[in-house]
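Enquirer: After the C-alpha cells below, expect a handful of questions from me.
Quick note: the coordinates plus some simple rules give every number you see, no bench work behind them. Remember, it's a predicted structure, so these values are computed and weren't measured experimentally. Positions of Cβ are backbone-derived with ideal geometry, glycine not excepted, and every protein chain shown enters the neighbour counts.
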Amino acid sequence: MKDKFTKLINVYKKYGFVGFLKKLYAYVVANYFNKISFAVFFNKGKYCRQLEEILRDCDYDRIVLWRSSFGYDVPLFQRPQHIAKNLSKNKCLVFYEVTTMTDKVKIFKKQSDNIYLLNFNNIALNKLLMKALSKIDKPKYIQLYCTDWKLTVKDIEDYMSEGFKFIYEYVDDLSPDLAGTKDIPKNIVDKYEYVMSHDEVYVIVTASALEEDVVKRRGRKNLAFSSNGVDYEYFQEYDENFVVDEEFQRVLDIGKPIVCYYGALAKWFDYELIKKIDAEGKYSVVLFGIKYDDAFDESGINELENVHFLGTRDYKVLKYYAQKCDVLTIPFILNNITAATSPVKIFEYMAMHKPIVITDLKECRQYKSVMIAKTHEEFIQLIEEALSKENDEKSIALLDKEARENDWQEKAKVIVDTISKDE
C-alpha cells in the first residue's frame, strides 16, 4: 500500500490535479470494476469457442503470456511491443496484457497475426484462457519485466505449477527512482530474489552490468543477452506531406541548429549540461518527453532562453520531428541506473542517420557511430563536430550498419533461440 501511495504522489506531480484524477479514475475502473465482466460471465460458451479457435487456427510452436502492465497502444512504443511483435514472427502465439487505461480492451482483440491483446484483470476471462491453454500440448511461457510490481512470486509459481516456464527480462537496474516509489516495491524485490536462486528461469539481460550481476548470483545457465533495438525499416519510411505542428515550427523558425533529446526527463538526466549548452547561445535545445519525476521542474531549465520543452509526441510521428533536428543526444548523468541502460533511442537515432552525441554511458561505448563525451566541455565540442558530419557519407554508412545490426528481429530471435533449446 505504501508503494501505491508514493506512486500516486508521483502521478500527481507528473500530470497535475486534473490529469491525476483522470489517471486515478482509469486505474480504479481497470483494476477493480473491470475484474468482473458480466459479458464474459453470461457468454462463457462464446468466448470459450473464440479462444479455442485462436489456439487451433494460428500457426505457432509455443505460447507466450506477456504479463507486465505496459500497455500496447500507448505513445511510447518500446521494447515490450517490439519484442512481442517480433516473437509473433518467430512462431510464438503472444497474449499481451493490456492496461485498459490506454488500450480500451475490456476482453481481448486481435492486434496482428499471432498477437492478441488480452485483459488479464478480467477474472472470468483469465480462467477461460487457462482452461483452454491446459488442453494445448505445446510449450508455454510467462514473460515479464524485472520492474513489474503487480505479479507476486506466488503468481509465478502458480503458472509454473500449470506447466509454464518463466522468462524474466532483466532490463533495468532495480531502483526506486525507476519505480517511482520511495523504496523498491516488495514484489519487484521478491521476484528478483526468486529468479536469482532458480536457474531454471530464463533470464534475458539488456546490458553488460545486468549480465555481470546474473552471472555473479547464479551463473550462465539459461541466460541470454538481448539489448534494446530498433525497427529499422520503420525509420526508413517518411510521408513527404507530413507537417510538424506550430509549436515545433516556431523553434525551426529561430534558425539555430537544433540539439534534440527525446525520452524521460528524470533524475538521471543531466540538467547542468543542458544549462551549459544553453549558455553557448548558438543552439536551440529541444526536449520531447514526459516529466518522469520532479527533477525537471526543480532544475529550472524550462526558464532558459534556448531550451524548448515540447512535451510528448506519439511514436508514429516522433521520427518526423527528430529528422528535422541537427544533432540527437543522450545527456545522462553517470550512475547505477544509466550504467545498466541500453537506450532504445540510440538505435532509433542510428536508423535516422543523424549525428549522435552522448555522455559516457557504459553500454554505448561499443558503438563506433556514436560520439561520446566524458566531460561537459567535450560534449559541447562534439556538438560542433557533429554538425560538420550531418551529411558525411562515411558517418551515415556507419550509423546505418549499426542500426541494421540492432534490429528488433535479431533481439527477439535471441530469446526464441534460448528457450527453444529445451523444447
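Enquirer: Give me the net charge for the shell around Ala266: Cβ to Cβ below 10 angstrom, other residues only, Lys and Arg +1, Asp and Glu -1.
Expert: -1
Enquirer: Relative to the longest principal Cα axis of the chain, at what angle does helix 271-280 sit, 0 to 90 degrees, rounded to 10?
Expert: Helix 271-280 sits at roughly 30 degrees to that axis.
Enquirer: Moving on. Among bridges DSSP assigns within the chain, what percent are antiparallel (round to 5)?
Expert: 10 percent
Enquirer: Taking the Cβ-Cβ separation of Gln323 and Gln78 as r and a Förster radius of 30 Å, what is the calculated FRET efficiency to the nearest 0.05?
Expert: So, using R0 = 30 Å, E works out to roughly 0.95.
Enquirer: Tell me the net charge near Val215. Cut-off is 15 Å between Cβ atoms, Val215 excluded, with +1 for each Lys or Arg and -1 for each Asp or Glu.
Expert: With Lys, Arg at +1 and Asp, Glu at -1, the net is +1.
Enquirer: Let me ask something else about it. So, R0 is 56 Å and r is the distance between the beta-carbons of Lys413 and Glu305; what FRET efficiency does that work out to, to 0.05?
Expert: According to the calculation, E is roughly 0.75.
Enquirer: Same structure again: Where Lys and Arg each count +1 and Asp and Glu each count -1, what net charge lies around Val230 among other residues with Cβ under 12 Å from its Cβ?
Expert: Summing Lys and Arg as +1 and Asp and Glu as -1 gives -3.
Enquirer: Taking the chain as a Gaussian network, where each spring joins two C-alpha atoms under 10 Å apart, which residue of Leu265, Leu51, Leu144 fluctuates the most?
Expert: Comparing Leu265, Leu51, Leu144 in a Gaussian network model of the chain, the most mobile one is Leu51.
Enquirer: Based on the alpha-carbon gyration tensor of the range 208-310 and its eigenvalue square roots a ≥ b ≥ c, which shape applies: rounded if a/c is under 1.5, prolate if not and a/b is larger than b/c, or oblate?
Expert: The shape class here is oblate.
Enquirer: Over the chain, what is the relative contact order in percent, taking alpha-carbon pairs closer than 8 angstrom and at least six residues apart?
Expert: Value for the chain: 15 percent.
Enquirer: Using only Cα atoms, find the angle between the long axis of helix 79-88 and the longest principal axis of the chain, and express it within 0 to 90 degrees, rounded to the nearest 10.
Expert: 50 degrees
Enquirer: Springs between alpha-carbon pairs under 10 angstrom, Gaussian network model over the chain: which of Asn86, Asn335, Asn119 fluctuates most?
Expert: Largest GNM mean-square fluctuation: Asn335.
Enquirer: Run lengths n ≥ 4 of DSSP H only: what is the helix-derived mean residue ellipticity at 222 nm for the chain, with -39500 (n - 2.57) per run over all residues, to the nearest 500?
Expert: -13000 deg cm²/dmol
Enquirer: Under a plain spin-label model, where a point goes 7 Å from the Cα along Cα-to-Cβ, how far apart in nm are Asp158 and Tyr194?
Expert: 1.1 nm
Enquirer: Also, quick follow-up: For the pair Val244/Leu334, report the inter-label distance in nm, with labels modelled 7 Å from Cα in the Cβ direction.
Expert: 3.2 nm
Enquirer: Measure nothing fancy, just the Cα-based angle from helix 393-405's long axis to the longest principal axis of the chain, in degrees from 0 to 90, nearest 10.
Expert: The angle comes out near 10 degrees.
Enquirer: Can you tell which of Val286, Val98, Val244 shows the greatest fluctuation in a Gaussian network model of the chain with Cα springs below 10 Å?
Expert: Result: Val244 has the largest fluctuation of those listed.
Enquirer: May I ask which of Lys89/Lys324; Lys85/Lys131; Lys362/Lys411; Lys319/Lys374 have a Cα-Cα span longer than 22 Å here?
Expert: Over 22 Å Cα-Cα: Lys89/Lys324; Lys85/Lys131; Lys319/Lys374.
Enquirer: If R0 is 51 Å, what FRET efficiency do you get for Gln50 and Asp360 from their C-beta distance, rounded to 0.05?
Expert: With a Förster radius of 51 Å, E is 0.45.
Enquirer: From largest to smallest, what semi-axes in whole angstrom does the range 233-406 give when each is the square root of 5 times an eigenvalue of its alpha carbon gyration tensor?
Expert: 22, 20, 16
Enquirer: Within the range 233-406, what percent of beta bridges assigned by DSSP are antiparallel, to the nearest 5?
Expert: Within the range 233-406, antiparallel bridges account for around 5 percent of the total.
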